[in-house]
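Structure first, commentary second.
The values are calculated or read from the model by the stated rules, or taken from the named source; none is laboratory data. Please read all numbers here as calculations on a predicted model, not as lab measurements. As a convention, Cβ positions derive from the backbone with ideal geometry for all residues, glycine included, and neighbour counts pool all protein chains shown. Each accessible area value is taken on the protein alone, full model and side chains, heavy atoms only, with ligands, DNA and RNA left out. Shrake-Rupley method; radii C 1.70, N 1.55, O 1.52, S 1.80 Å.
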Amino acid sequence: MRFSSQRILPFVLVLTLALCMAPGRALGVTNLLAEIMNLVLGPFAIAGNMLGQWLRPAPLGLEGPVNDPEYVLHLQQERDEFERLYVAEQAKVDALQQQLAQAQMIASAQMHIPVRPLVARVGVRSSTPHGTVTLSRGSNHGVYVGAVAAYNAVHLLGRVIEVSRLQCVFQPLANKDSPLVDAIILPRDQRDTPTSRAARVQLQPKGDGTLRGDVDRAAIINAGDIVKLLDDTWPPAAQGMIVGHVESVESKESEPLRNTIVVRPQYHISQVAYVTLKLEMEDSATQPGGAPR
Amino acid sequence: MRWSVFAIVSFIVIVLQLSVREVLTLHSIGAISPDLVACLATFIALFAPRTTVLWACWLLGLAMDLAPAARSMNWHLVGPNALGYVFGGYLVLHMRAMVFRRRMLTTALLTFLFLLAVAVLATFLLTLRHWYLPDTPLHGSPLGEFWLRLKIALYSGVAALPFGWLLQLTVAFWGFTGGASRRGW
């Protein structure tokens with residue numbers, strides 16, 4: 001008998017260890033054992049509690065679980081948790097309102113290209129300034145490589161360069177690795193200037209948040225003029241979106257007939273928590289700059 | 001060891017542990033109560049044969065695991081006490097040859113060491129489980145859990161002086177073999 005109990009003990013201990021490490025849903029059987037134990041001990045424990053109350057009565061006004069520090073601690077923890085949830089929910093409501101505003105702005109914009117706005121949260125940011133950024137939407141949400149990201153409906157921020165199922169990598173317009181961008185410059189007080197008459201410029205990101213390009217010195221360009229994208233390598237939905245404003249016009253010493261303009265986007269990805277991805281609908285998809293899948 | 005005596009005494013001590021211990025609770029230092037069941041386990045570990053000790057400790061630890069938890073959960077975590085008591089019993093088994101078993105101070109000291117061993121193993125198991133299952137009932141942090149158990153161990157060691165003495169009075173009924181030296185401090 002003793003021999004067999006010696007042999008059983010290691011198995012029992014291993015089983016106990018397995019139960020100890022098992023998740024809560026696998027420990028349902030313990031409820032039955034506990035219930036049986038409570039059933040047996042219950043009447044005697046009640047008597048014991050009465051004896052305990054008699055030996056050491058609870059202070060007046062503090063009877064019941066309020067007198068139990070563990071219970072009070074539990075309540076305090078619950079209160080703290082609810083406060084945390086309240087703050088988190090408030091932040092969520094604010095974020096949703098912000099997203100809604102962004103989506104409404106896109107919907108109200110005059111767009112000839114049917115697009116589906118998709119609000120994406122900015123996730124992991126690159127450690128370098130104006131580096132790539134991970135957005136919280138991926139191919140499962142219809143995002144595709146080349147999809148453009150906007151802020152306040154018409155401000156172009158950049159485009160998607162990589163897509164996974166649940167997220168995508170976004171390259172800001174001002175990223176140094178971004179390709180050259182063709183754009184037109186519209187005088188700030190004559191925004192209705194036909195594109196055929198507007199000065200054209202090829203902008204190159206410099207990595208400091210600005211884009212630079214050379215323009216004909218004869219073109220009248222001033223600081224504050226609006227620069228809009230007009231580039232065949234970008235999707236139709238991006239055409240005409242604002243790249244930024246002319247920050248300065250500098251004369252180019254090596255080429256006396258040309259000026260260098262510095263364009264600064266109004267919004268940088270580092271300033272925003274959300275962007276709106278403009279996803280072109282299937283029937284309007286064209287190949288330049290990527291197409292929906 | 002007579003298992004019938006073990007069953008009766010264990011039943012009484014567990015009832016005391018789960019109900020009357022409130023009388024001995026020290027609210028000013030974290031509402032700690034002495035672990036009378038550990039005193040009993042230590043007492044058994046001092047006199048009973050090796051396998052009997054380990055089984056008895058496992059049963060007593062299991063009972064403690066199945067006792068109502070401090071936190072509301074729809075399951076009972078079996079193991080920290082069951083395994084911890086076995087570990088503690090094993091420790092006492094190794095130490096009992098070096099001590100005067102029927103001294104009150106021996107019971108007190110070994111109860112403290114028994115619960116210290118339980119604290120180490122139980123905290124380790126709870127921490128390990130908490131690492132991948134956050135619903136594990138850990139007292140704040142691993143350090144918090146260990147600190148709480150350490151305080152209980154100290155208090156139980158003190159409580160084991162009178163309680164151990166009471167148990168020593170019953171030693172004749174248990175049917176232990178050996179350990180027949182005289183009682184004393």
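Some notes on this structure:
- Note on segment A:106-235: with charges restricted to the Cβ of Lys and Arg (+1) and Asp and Glu (-1), its dipole about the Cα centre is near 360 debye.
- Cα-derived Rg to Rh of the protein assembly as shown, Kirkwood definition: 1.31
- Taking A:THR195, A:THR134, A:THR30 in turn, the Gaussian network model of chain A (Cα-Cα springs below 10 Å) assigns the largest fluctuation to A:THR30.
- Adding -39500 (n - 2.57) for every DSSP H run of four residues or longer, then dividing by how many residues the protein assembly as shown holds, sets the calculated 222 nm ellipticity at -15000 deg cm²/dmol.
- The GNM of chain A, with springs linking C-alpha atoms under 10 angstrom apart, assigns the highest mean-square fluctuation among A:ASN222, A:ASN31, A:ASN152 to A:ASN31.
- Label-point gap, in nm, between A:ARG56 and A:ALA273 - each point 7 angstrom along Cα→Cβ: 5.0 nm
- Choice from A:PRO69, A:PRO205, A:PRO235 showing the highest fluctuation, given a GNM over chain A with Cα pairs closer than 10 Å: A:PRO69
- Extension gain from A:ALA101 to A:ILE46, taking 0.36 nm per residue of separation minus the Cα-Cα distance: 13.7 nm
- Centre separation in Å (Cα based) which lies between segment B:108-125 and segment B:12-46: 14 Å
- Projecting the Cα positions of A:VAL262, B:MET64, B:LEU169 onto the charge dipole of the protein assembly as shown (unit charges on Cβ atoms of Lys, Arg, Asp and Glu, taken about the Cα centre) puts B:LEU169 furthest along the positive direction.
- Building the convex hull from the alpha-carbon atoms of segment A:215-276 and averaging its projection over directions returns 5.6 nm².
- Solvent-accessible area, 1.4 Å probe, carbon plus sulfur percent, for the protein assembly as shown: 61 percent
- Solvent-accessible surface (1.4 angstrom probe) belonging to A:VAL12, in square angstrom, nearest 10: 20 Å²
- Accessible surface buried once A binds B (1.4 Å probe; total of both sides; Å²): 3200 Å²
- For A:VAL119, the amide hydrogen comes within under 5 Å of the amide hydrogens of A:LEU277, counting only partners 5 or more places away or on other chains and with H modelled in the peptide plane.
- Phi-based couplings in Hz for segment A:260-270 (Karplus 6.51, -1.76, 1.60; Gly and Pro marked x): 9, 10, 10, 10, 10, x, 6, 10, 10, 4, 5
- Helix screen, chain B: DSSP H segments with Cα axial length of 20 Å or more and mean Kyte-Doolittle hydropathy at least -1.0 are B:3-18, B:50-66, B:80-95, B:104-132, B:142-169.
- Taking amide H positions as modeled 1.01 Å from N, with prolines and chain starts lacking one, no residue 5 or more places away or on another chain lies under 5 Å from A:TYR144.
- Cα Rg over Rh - chain B, Kirkwood: 0.96
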